[in-house]
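> Right, I'll just put the structure down here and ask away after.
Values quoted throughout were computed directly from the atomic coordinates according to the rules given, and no laboratory measurement underlies them. Since this is a predicted model, take the numbers as computed values, not measurements. Every residue, glycine among them, receives a Cβ derived from its backbone with ideal geometry; neighbour counts consider all protein chains shown.
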Amino acid sequence: MKGSDDILSIKLVKNGDKLVYLNKGMQAIHREYIKSLEDGQIVEVYFEGQNDNGTNLQLAKIHACIRKLASEIGMTFEAMKLELKERSGLVINGEAKSFSDCSIDELNLVIHQIIETGDFVGINFRGKIPESL
């Protein structure tokens, strides 16, 4: 899997002045991800402290998955996002609801659609994005 464009989600915990892996499994996943990259490949990193609902982090993961799906299918990001919103029942009378205005249940529907669409086109999002919030 050289030249990976997969999405990595790991959890770190602050310990003194460092961020350390939550467990050895997270560390192993991170190492395997790094091995899958080509030398010189750019990786974008997004950090956010967790809060009770994790909504901002979840939205970032949803957007990253939509970007990967769009690229794989050959659609624009906006077209793929609208397609997923339609499949999730978030388009009413031609108006698409913003993800930031969605309830946890509505975002769970979107996540389910992302996973199903990924399965259909051969992208495994299971484990990359929690199947429910």
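> So, R0 is 22 Å and r is the distance between the beta-carbons of residue 82 and residue 119; what FRET efficiency does that work out to, to 0.05?
Once rounded, the FRET efficiency stands at 0.60.
> Per the helix-only calculation at 222 nm, which mean residue ellipticity applies to the chain, given -39500 (n - 2.57) for every DSSP H run of n ≥ 4 and division by its residues, nearest 500 deg cm²/dmol?
So the calculated ellipticity at 222 nm is -15000 deg cm²/dmol.
> So what's the projected area for region 52-101, the Cα convex hull averaged over all directions, in nm²?
Seen from a random direction, the Cα hull of region 52-101 projects 3.7 nm² on average.
> Could you calculate, for the chain, the ratio of the Cα radius of gyration to the Kirkwood radius, expressed as Rg to Rh?
The Rg/Rh ratio comes out at 0.99.
> Compute the long axis of helix 55-73 from its Cα atoms, compare it with the longest principal axis of the Cα atoms of the chain, and write down the angle in degrees, 0 to 90, nearest 10.
80 degrees
> To continue, here is another question. On C-alpha positions alone, give me the angle between the axis of helix 77-87 and the longest principal axis of the chain, in degrees, nearest 10.
The angle comes out near 60 degrees.
> Pulled fully out, how much extra length does the chain show between residue 41 and residue 8, if you take 0.36 nm times their separation in residues and subtract their Cα-Cα distance?
Extending this stretch completely gives an extra 10.4 nm.
> Next question, about the same structure. What do the square roots of 5 times the Cα gyration tensor eigenvalues come to for region 1-45, in whole Å, largest first, as semi-axes of the equivalent ellipsoid?
Listed largest to smallest, the semi-axes of region 1-45 are 22, 12, 8 Å.
> Between region 19-45 and region 74-117, what is the C-alpha centre distance in whole Å?
Region 19-45 and region 74-117 have Cα centres separated by 29 Å.
> Continuing with the same structure: For region 1-45, how many pairs of lysine residues have a Cα-Cα distance under 22 Å, where the two are 8 or more positions apart or belong to different chains?
Number of lysine pairs found: 5.
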